[in-house]
Amino acid sequence: MKTLLIYPEYPATFWSFKYALRFIHKRAALPPLGLLTIGAMLPEEWPKKLIDVNVTKLTDKDLSWADSAFISGMALQRESAREIIARCKEANLKVIAGGPLFTSEHDQFEDVDHFVLNEAELTFPPFLADLEKGCARHIYETAEFCDIRKTPAPLWELINLKHYATMGIQFSRGCPFNCEFCNVTALFGHRPRMKTAGQIIAELDGMYNRGWRGPAFFVDDNFIGNKVYLKTHLLPALIQWQKERKEIPFNTEASVNLADDPELMEMMVEAGFDTVFIGIETPNEESLAECNKQQNKNRDLIESVKLMQRAGLQVQGGFIVGFDSDTPSIFQRQIDFIQKSGIVTAMVGLLNAPPGTRLHERMREEGRLIDSISGDNADGTTNILPRMGLDVLREGYGKLMHHIYAPEHYYKRAMTFLREYKRPKVRTPLDLQRLLAIVRSSVRLGIFGKERFQYWKIMFWTLFRRPNMLPLTITLAIYGHHFRKICKLKITQ
């Protein structure tokens, strides 16, 4: 069976880095890791093509070639997915859909022939078996969690790696914590399930042997869910792997208690990690208690951030406003925290209640659900009625976002970070595109940009105070350009 694996388009969002990617002539931030894994689970004899609509067009020729289309995506890609499904049905293709979007909203996609939901390692094999026998059901789902030690490596040969800024790799699923607003545990459970160190090394070898030398993002929702296994198995293997090759930088997501473990931070840096995304959420202790963010309570969150920065890990932070415990003072408190912490990439969003979460259930019982989630973490929308009122929340949020991404405040925060940050052990190589990005940024931002005064101030400061950080400083300047574009596009001031 000739098979198309189709990944829908992302709109311009905080994490799309659409306006930053233009500086390095890349088309997308990350490849569709789920579809690359599904490709490896399909029968080997089936001809396969992967069309990532973020990097290439889905043509009529592609549709006429295929017998079936496998589509995956997230809530953010909802509208693009609808358009793709309509085109596939018009071309008389059998449409099979899975992934987070369809697991949560499969009842809203009437034209899909078969839904393969939850973890594909469990639902995909019986679907394929029934398909071969001609008796495939409409929906395949499970409440069980799979053993990801049996998950195949992604089929990297289905994509052109040069189109992407970063490669993705998954080590674990599940999180030991139970935050009220988070759907990770609903999707993947509380007990972290891990691949073996050998699996991860094989996946890294797969992308490395195809010529990849850029960053790799461990997409785990909480990379440090099992610290013991990290210290005894995975990190030693990664450290050895880096020694035997031209090193590549890693980044990931983790919980703030990483700051409590100097040995773990040291090993991560030695293994090549230079950035971690941390769910800070809020400096308001009452709101942390409200959402059951126990790991963030009763600690000096700014000092925790500084400890990670000094260890050699840039902290990117997630923040939320709109908790029931929040008052209008929260907007200035968030601004003050973000500026003092030196978290340059600060993703601030309104509180949302994703389906499957305890928050969604509570909001439903209280009659406070008002819409479906957009899937965009920083577009100023919410699907709940906040205690402080929607108008107050949206107005405060707009002022917060435009304040922290105004050039004066953004570059000041970047300098706060650079003063603390320890030089990373592994750095992204300065290839031709990144060298050209230096030239492009100096022209677009340093000459024609409204931030040109702040741009040259931080560049000269870095050149004389932290010259080895100059490539990172340029990257942060480019990110700031993207974030300001997103603010202007999506968030009312």
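Quick notes
- Remark: residue 78 matches the filter, which requires a residue to be surrounded by 14 or more Cβ atoms within 10 Å (Cβ to Cβ) and not assigned by TED's automatic domain parsing to the domain that holds residue 229.
- For the range 296-315, the tally of residues that are at negative phi and surrounded by fewer than 18 Cβ atoms within 10 Å (Cβ to Cβ) stands at 6.
- Whichever residue in the range 189-240 is outside any loop (DSSP other than H, G, I, E, B) and of a type in the set (Ser, Thr, Tyr) and, among such residues, is surrounded by the fewest Cβ atoms within 10 Å (Cβ to Cβ): 232
- Long-range neighbours under 6 Å by Cβ, at least six apart or interchain, first residue of a type in the set (S, T, N, Q) within the range 21-47, second modelled with pLDDT of 95 or more: 37/154
- Residues that are touching a strand residue (DSSP E or B) at 6+ places or on another chain (Cβ under 6 Å) and more than 23 Å from residue 277 (Cβ to Cβ), drawn from the range 202-260: none
- In the set (1) buried (at least 21 other Cβ atoms within 10 Å of the Cβ); (2) in contact with a helix residue (DSSP H, G or I) (Cβ under 7 Å, 6 or more places away or on another chain); (3) at pLDDT 95 or above; (4) assigned to a loop (DSSP other than H, G, I, E, B), the condition left unmet by residue 386 is number (1).
- Count - residues of the range 85-115 that are surrounded by 19 or more Cβ atoms within 10 Å (Cβ to Cβ) and within 23 Å of the chain's Cα centre (by Cα): 8
Rundown of residues vs (1) free of Cβ contacts under 8 Å to residues at least 60 places away in the same chain; (2) not in a helix (DSSP H, G or I), yes/no style:
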{"residue": "302", "(1), (2)": "yes, no"}
{"residue": "307", "(1), (2)": "yes, no"}
{"residue": "310", "(1), (2)": "no, no"}
{"residue": "317", "(1), (2)": "yes, yes"}
{"residue": "326", "(1), (2)": "no, yes"}
{"residue": "334", "(1), (2)": "no, no"}
{"residue": "339", "(1), (2)": "no, no"}
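- Some residue of the range 116-129 being over 25 Å from residue 235 (Cβ atoms) and assigned by TED's automatic domain parsing to the domain that holds residue 354: no
- In the range 342-354, the condition of being at pLDDT below 95 and not hydroxyl-bearing (Ser, Thr, Tyr) is met by at least one residue.
- Test: residue in the range 249-257 that is of a type in the set (A, V, I, L, M) and in a helix (DSSP H, G or I): yes
- Note on the range 411-427: residues that are in a helix (DSSP H, G or I), closer than 25 Å to residue 267 by Cβ and aromatic (Phe, Trp, Tyr) total 1.
- Unique match (being in contact with a Pro (Cβ under 7 Å, 6 or more places away or on another chain) and more than 21 Å from residue 201 (Cβ to Cβ)) among 322, 279, 318: 322
- With respect to the conditions (1) in a loop (DSSP other than H, G, I, E, B); (2) out of contact with any strand residue (DSSP E or B) (no Cβ under 7 Å at 6 or more places or on another chain); (3) modelled with pLDDT of 95 or more; (4) under 20 Å from residue 222 (Cα atoms), residue 175 lacks only one, and its number is (3).
- Comparison of 367, 356, 380 shows that the only residue that is assigned to a loop (DSSP other than H, G, I, E, B), without any contact (Cβ under 8 Å) to a residue 12 or more places away in the chain and either within 28 Å of residue 78 (Cα to Cα) or under 25 Å from the mean Cα position of the chain (by Cα) (or both) is 367.
The values are calculated or read from the model by the stated rules, or taken from the named source; none is laboratory data. Nothing here was measured: the structure is a model prediction, and the numbers come from that model. Glycine also receives a Cβ, built like all others from the backbone with ideal geometry; neighbour counts cover every protein chain displayed.
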